[in-house]
Amino acid sequence: MNFKLIFFIVFSSLILSVFLGTCLVTCCVAAIFDCDYAHIKLLNSGGIYKCEAKNFDNQQQDDEITAVDGLHKAGKTNRDVQILIIENQVCHYLPSGMGVFFPKVYHLDVKNSGLKTITSDNLKTFPKLRHLYFRNNPIESLPEGLFQYNPQLEFITLDDNKIKQVGLNIFDSLQKLISLSMERNVCVDGFALQEEPLRELIREISRNCSVVH
Ligand SMILES: *[C@@H]1O[C@H](CO)[C@@H](O)[C@H](O)[C@H]1NC(C)=O
């Protein structure tokens, strides 16, 4: 046997495995979140800073965001972002710890991005959340305790999902809730604004969407 040939084979397979290993680690663990930043003018406010996700592709559960990328407007950082929009992206699961990068977000919009599930853990890092708009995704159930870390929620919109199950009393902790919209779902198709209609819709949801044991 040729010693040089053996050496060459061993050496090149070593290089190849190191290369593949590095590639796997960098490809699949790190999720980088890419933002288009903009100022938007809203009524009664002097401009709000927004991040709109781009090139987002998250098909795995329990991915963690390791960095946020994008060109900031002058003098701004991720700590100034108040509105976060994920629209027409691939977002089957919300990465955990997302809000850590955006501590001031009060408005979270995930629209038409294939979102399959939401958990209280996903929402835990958004303690200031007031508006949750998750429209046109294939969400099938809302687990018990979903909003336990988001007591400031005022507007919830879950229109055009596939919701057929809603955990018991998930809206009870939301003292500030003003409006709830769950139009065109499987077990519910309704919208309500303020006190009595809102209480009635929540009662109907618990009748229509409770898990039967
Ligand atoms: C609850 O289910 C009933 C019967 O399927 C349906 O008529 C009603 O519209 C549902 N309520 C809501 C709020 O969707």
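Enumerate by residue number the trypsin sites (Lys or Arg not before Pro) in region 167-213 meeting two conditions: DSSP loop (anything except H, G, I, E, B), and at most 12 other Cβ atoms within 10 Å of the site's Cβ. Display every interim value, and only then the final one.
Values: sites: Lys176, Arg184, Arg199, Arg203, Arg207; in loops: Lys176, Arg184.
Loop-located and lightly packed - Lys176.
If each residue's Cβ is checked for other Cβ atoms within 10 Å, how do Lys76, Lys116 rank with the fewest at the top? Walk me through the numbers on the way to the answer.
Values: Lys76 12, Lys116 17.
With the sparsest Cβ surroundings first, the list reads Lys76, Lys116.
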Report the extension gain between Asp69 and Asp121 in nm, rounded to one decimal, defined as 0.36 nm multiplied by the number of residues separating them, less their alpha carbon distance. 16.4 nm
Quote the FRET efficiency, to the nearest 0.05, computed for Asn88 versus Asn44 with a Förster distance R0 of 41 Å and r equal to the Cβ-Cβ distance. 0.90
Over the chain, what is the relative contact order in percent, taking alpha-carbon pairs closer than 8 angstrom and at least six residues apart? 12 percent
So what is the relative contact order of region 164-213, in percent, for Cα pairs below 8 Å that sit 6 or more residues apart? 44 percent
Quick calc: nm separation of the 7 Å Cα→Cβ label points for Asn208 and Glu196 -> 2.0 nm
Farthest towards the positive end of the dipole of the chain, among Val68, Val166, Pro143 and with Cβ unit charges of +1 on Lys and Arg and -1 on Asp and Glu, lies the Cα of Val68
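About its Cα centre, what dipole magnitude does the chain give when the only charges are +1 on Lys and Arg Cβ and -1 on Asp and Glu Cβ, stated in debye to the nearest 20?
Roughly 440 debye for the chain.
Based on DSSP H runs of at least 4 residues, each adding -39500 (n - 2.57), what is the mean residue ellipticity at 222 nm of the chain after dividing by all its residues, to the nearest 500 deg cm²/dmol?
Values: 3 runs with 46 residues, N = 213.
Taken over the chain, the calculation gives -7000 deg cm²/dmol.
Holding the Cα-Cα limit at 29 Å, pick out from Lys41/Lys111; Lys116/Lys176; Lys41/Lys162; Lys104/Lys164 the pairs that are longer than that. Don't skip to the answer; put the middle values down first.
Values: Lys41/Lys111 21 Å; Lys116/Lys176 26 Å; Lys41/Lys162 33 Å; Lys104/Lys164 32 Å.
Result: Lys41/Lys162; Lys104/Lys164 exceed 29 Å.
Every number in this text was worked out from the coordinates using simple rules, so none of it is lab data. Source: prediction; values computed, not measured. Neighbour counts run over all protein chains shown; Cβ positions are idealised from the backbone, glycine included.
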